[in-house]
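*Asks:* Attaching a single structure in structure tokens format; questions to follow.
The values are calculated or read from the model by the stated rules, or taken from the named source; none is laboratory data. Note that the structure is a prediction, hence the values are computed from the model and not measured. Every residue, glycine among them, receives a Cβ derived from its backbone with ideal geometry; neighbour counts consider all protein chains shown. Areas reflect the complete protein model, heavy atoms only, side chains present, ligands, DNA and RNA absent. Shrake-Rupley method; radii C 1.70, N 1.55, O 1.52, S 1.80 Å.
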Amino acid sequence: MWTYEKPDNLVQWWEESVKKFRSNTLFWVRNDSGTLDPITYGQINERIDNARSGLARAGIRQGDFVGIIANNRPEWAVLSYATYGCNACFVPMYEKERTRTWKYIIKDSQIKVLIVSSQEIYDKVKGFLKEIPTLEKIYIIDTDNDADNSLKALETSGAENPVAAIVPNPDDIAVLIYTSGTTGDPKGVLLSHGNLTYTSRGGYKIYPELNESHVGLSILPWAHSYALSGELNNWIQFGGSLGFMRDVTTLAEDLQLVRPTYLVCVPRLFNKIYDGIMARMEEAGGLKKMLFNAARKTARKKRALDERKQSSPITNLKFAVLDKLVFSKIRAGFGGRLTGALTASAVMNREIGEFFYDVGAPAFDCYGSSETSPAVAMNCRNAYRLGSVGKVLDGQKVVIDKSVVEDGADDGEIIVYGPNVMKGYHNKPEATREVMTADGGFRTGDRGRFDQDGFLYMTGRIKEQYKLENGKYVFPSSMEEDIKLLPNVANVMIYGDGKPYNICLVHPDFAVLGKYAAKNNISSDPESLMNSKDITDMIEKEIVEFLKKTYGGYEIPKKFFFLANDFTLENGMMTQTMKLKRRIAIKEFQDLIDAAYAKTGTHLQS
């Protein structure tokens with residue numbers, strides 16, 4: 001049994017914060033005129049009280065399950081904390097999800113009350129009331145009427161019949177989060193109040209610079225444990241405020257509107273911004289590019305001096321001038337106030353990490369999984385090593401098990417022990433036993449190693465690694481992340497399990513290629529680009545030459561296939577944190593994969 005620091009439950013977690021920060025803004029919400037309206041901790045607290053009482057009136061009791069299908073919004077936070085106050089379990093689901101996945105989750109978790117964001121989603125799920133015996137009521141957040149099934153009606157009934165909050169024990173289940181199923185069917189991860197409060201507190205302890213003046217832009221879904229612990233619960237504990245990204249396509253505008261001081265995001269955001277900056281510098285040329293290159297060179301020199309605990313007045317002066325002329329413009333693209341970011345899901349490319357560190361917007365890599373609530377290791381301003389995922393948080397122990405990897409390897413499977421480890425998979429005792437050690441450790445399925453200073457490095461994923469026909473191991477996700485750094489590539493999948501060589505399925509970045517086509521007076525429509533051997537040869541050569549810098553010859557793909565359609569959330573081949581659902585993608589392109597090892601051509605298209 002772990003000893004949890006108090007508050008060890010999310011009900012008292014919230015109560016302590018609202019006492020301290022009642023008048024502070026918790027959420028910034030865009031209005032119809034395009035400006036932001038503030039919602040205070042006190043206003044949210046009133047809604048939590050009403051929603052909790054409303055859920056109790058609707059029959060929610062200790063141990064019941066309350067589901068939500070909604071993107072991040074104030075009501076998501078209200079309903080989650082209202083559910084915790086009933087000592088019930090909150091089950092979040094994504095709006096961009098297949099109906100059959102919603103049905104599976106609602107049935108598997110035995111949700112009693114479901115809240116959905118819109119009439120459109122309600123129309124897709126209302127039939128579940130007859131098909132799933134445990135589902136008793138569905139409420140709609142956005143509706144023009146005051147019908148009995150509106151969230152407004154639920155909160156009104158609660159205001160008329162107040163019910164006091166129940167304070168859960170730290171081992172009581174707070175949330176049931178379903179994994180995205182990159183290698184199999186979704187599994188419900190049972191996370192306790194102690195799991196979640198420990199994780200948010202442990203992360204905050206190494207980020208003392210965060211305080212009630214900090215503003216975040218909510219980009220990643222709270223339905224994933226990373227954003228739930230790292231952002232929502234974390235921001236609440238120090239009294240900060242959050243705005244909302246409306247959609248990926250509006251991110252640039254939302255950054256300018258909210259002007260965040262800190263971000264919780266994934267490396268892909270920085271990768272795309274980096275690619276855009278590099279492309280603009282190439283197009284601009286002349287003095288602008290010269291100043292940009294000078295700023296980068298000076299920043300690298302200053303960083304090298306800093307690492308040796310040295311300083312040069314001339315370098316510092318030169319950097320200050322170039323920072324104002326060049327890097328301040330890049331920071332302005334983030335809204336002008338960004339001082340740092342926390343990134344997870346994949347390790348930041350070292351060159352890109354160094355670049356944003358030099359710009360003054362460092363991205364600190366961290367590591368974890370849904371089953372570890374999620375934080376295991378984190379970089380921070382006072383303990384930062386590019387290329388690593390940081391040091392293990394206090395209170396946890398990580399063991400590297402070399403017995404499950406090839407002989408002679410300097411890495412092994414990461415096993416995590418600590419108060420962040422899940423209570424198990426819902427309704428799946430056998431699956432739980434498969435990942436838990438006899439002494440309470442969680443087998444992550446990830447490969448890693450420590451350096452001499454205790455920084456953890458990710459080296460692959462055991463469940464996704466495979467052997468080529470020659471017996472050599474390949475870690476496809478590492479190669480894929482690197483290939484996606486190339487401007488002409490939007491997405492990619494590497495395959496070669498048990499085969500004589502790897503192949504590469506590429507979805508080009510048609511927006512970037514369109515600019516190339518215009519400059520070279522060739523047709524820029526995607527179909528023409530896909531059918532141009534000159535274009536596909538160019539991308540293939542870029543990938544091969546790029547990989548030669550880091551990877552062995554046996555790892556470099558021998559054949560390339562160019563895909564007209566991307567791997568997306570909508571077609572079920574990407575998770576909400578932009579990881580490839582490999583099993584589903586392989587199944588989708590099985591015919592193409594089979595053809596790769598039967599044909600001699602290298603530019604087959606789909």
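*Asks:* Need one value: the accessible area of H214 in square angstrom, 1.4 angstrom probe, rounded to the nearest 10.
*Replies:* Looks like 20 Å² after rounding.
*Asks:* Next question, about the same structure. How much of the accessible area of the chain, probe 1.4 Å, is carbon plus sulfur, in whole percent?
*Replies:* Summing carbon and sulfur atoms, their accessible area is 50 percent of the total for the chain.
*Asks:* Sticking with this structure for a sec: Using Cα positions and a limit of under 26 Å, work out the lysines in reach of K297, with same-chain residues fewer than 8 apart set aside.
*Replies:* Within the straight-line limit of under 26 Å, K297 reaches these lysines: K272, K288, K289, K309, K318, K324, K329, K484, K548, K549.
*Asks:* Nearest 5 is fine: what % of DSSP beta bridges in the chain come out antiparallel, could you say?
*Replies:* Close to 55 percent.
*Asks:* Shifting gears a bit: Round to the nearest 10 and report in Å² the accessible area of S229, as given by a 1.4 Å probe over the protein chains' heavy atoms.
*Replies:* Rounded to the nearest 10, the figure is 0 Å².
*Asks:* Which one, (i) 61, 42, 18; (ii) 50, 38, 24; (iii) 39, 29, 26, gives semi-axes √(5λ) of the Cα gyration tensor in Å as derived from the coordinates shown?
*Replies:* Only one option fits the structure, namely (iii).
*Asks:* Against the longest alpha carbon principal axis of the chain, how many degrees, from 0 to 90 and to the nearest 10, is the axis of helix 193-205 turned?
*Replies:* So the inclination is approximately 50 degrees.
*Asks:* Here is a follow-up. Around Y139, which amide H atoms from residues at least 5 apart in sequence, or from another chain, sit under 5 Å from its own amide H, with H modelled in the peptide plane?
*Replies:* Excluding prolines and chain starts, which carry no amide H, the hits are L114, I115, V116.
*Asks:* Could you go through region 420-427 in sequence order and give the Karplus-derived ³J(HN,Hα) for each residue, using 6.51 cos²θ - 1.76 cosθ + 1.60 with θ = phi - 60°, rounded to whole Hz, and x for Gly and Pro?
*Replies:* Those phi angles translate into 8, 6, 3, 7, x, 8, 5, 6 Hz.
*Asks:* What accessible area per residue, rounded to a whole number of Å², is obtained for region 251-336 using a probe radius of 1.4 Å?
*Replies:* Accessible area per residue: 55 Å².
*Asks:* Hey, another quick one. What's log10 of I(q)/I(0) for region 334-431 at q = 0.20 Å⁻¹, Debye sum over Cα points only, no solvent?
*Replies:* For region 334-431 at q = 0.20 Å⁻¹, log10 I(q)/I(0) is -1.05.
*Asks:* Can you classify region 227-332 as rounded, prolate or oblate using the Cα gyration tensor, where a ≥ b ≥ c are the square roots of its eigenvalues, rounded means a/c under 1.5, and otherwise it's prolate if a/b beats b/c and oblate if not?
*Replies:* oblate
*Asks:* Then there's this: Please list 3J(HN,Hα) in residue order for region 80-94, calculated via the Karplus relation 6.51 cos²θ - 1.76 cosθ + 1.60 where θ = phi - 60°; whole Hz, with x for glycine and proline.
*Replies:* 5, 6, 5, 5, 4, x, 8, 6, 9, 10, 8, 10, x, 9, 7
*Asks:* Contact order normalised by length for region 418-477, with contacts defined as Cα pairs under 8 Å and 6 or more residues apart; what percent is it?
*Replies:* In percent, rounded to a whole number, it is 19.
*Asks:* Give the relative contact order (percent, whole number) for region 484-525; include only Cα pairs under 8 Å separated by 6+ residues.
*Replies:* Across region 484-525, relative contact order equals 33 percent.
*Asks:* For the chain, take the longest principal axis of its alpha carbons; what is the angle in degrees between that and the long axis of helix 41-57, to the nearest 10 within 0 to 90?
*Replies:* Relative to the chain, helix 41-57 is tipped by roughly 60 degrees.
*Asks:* Please give the per residue volume of the convex hull enclosing the alpha carbon atoms of region 196-235, rounded to a whole number of Å³.
*Replies:* In region 196-235, the Cα convex hull volume per residue is 60 Å³.
*Asks:* Find how many whole Å separate the alpha carbon centroid of region 210-278 from the alpha carbon centroid of region 107-157.
*Replies:* 29 Å
*Asks:* If you put +1 on each Lys and Arg Cβ and -1 on each Asp and Glu Cβ, how big is the dipole of the chain around its Cα centre, in Debye rounded to 20?
*Replies:* Magnitude of the dipole: close to 1380 debye.
*Asks:* A follow-up question, please. Once each part is reduced to its C-alpha centroid, what is the distance from region 484-513 to region 281-298 in angstrom?
*Replies:* When both Cα centres are located, 30 Å separates them.
*Asks:* For E155, E283, give the ranking by accessible area with the largest first, probe 1.4 Å.
*Replies:* Ranking E155, E283 by accessible area, largest first, yields E283, E155.
*Asks:* Now for a separate question. Please sort 338-349, 481-492, 18-29 by packing, taking for each peptide the average over its residues of neighbouring beta carbons within 10 angstrom, highest first.
*Replies:* Packing proxy ranking, top to bottom: 338-349, 481-492, 18-29.
*Asks:* Cα centroids of region 530-602 and region 325-383: how far apart, whole angstrom?
*Replies:* Result: 28 Å between the Cα centres.
*Asks:* Enumerate the amide H contacts of F27 below 5 Å, restricted to partners 5 or more residues apart or on another chain; note that Pro and chain-start residues carry no placed amide H.
*Replies:* Here the answer is I39, L242, since their amide H atoms fall under 5 Å of that of F27.
*Asks:* Short version: ³J(HN,Hα) in whole Hz for each residue of region 564-580, in order, from phi by Karplus 6.51 cos²θ - 1.76 cosθ + 1.60 (θ = phi - 60°), x for Gly and Pro, what are they?
*Replies:* 6, 10, 7, 7, 9, 4, 5, 8, x, 9, 10, 7, 5, 9, 6, 9, 6
*Asks:* Starting from the amide H of S218, placed 1.01 Å from N in the peptide plane, find each other amide H under 5 Å away whose residue is 5 or more places distant or on another chain.
*Replies:* G243, F244, M245
*Asks:* May I ask you to give the solvent-accessible area per residue for region 386-447, in square angstrom, as obtained with a 1.4 angstrom probe?
*Replies:* Heavy-atom accessible area per residue stands at 44 Å².
*Asks:* Something else about it: What residue among S80, F292, G333 has its Cα farthest toward the positive end of the dipole of the chain, where the charges are +1 on Lys, Arg and -1 on Asp, Glu, each on the Cβ?
*Replies:* Farthest towards the positive pole: F292.
*Asks:* I've got another one for you. Please calculate how many Å² of accessible area region 9-164 carries per residue, with a 1.4 Å probe and no DNA, RNA or ligand atoms counted.
*Replies:* Value for region 9-164: 44 Å² per residue.
*Asks:* Same structure, new question: Based solely on its DSSP helices, what 222 nm [θ] is calculated for the chain when runs of n ≥ 4 H residues each add -39,500 (n - 2.57) and the sum is averaged over all residues, nearest 500 deg cm²/dmol?
*Replies:* -11000 deg cm²/dmol
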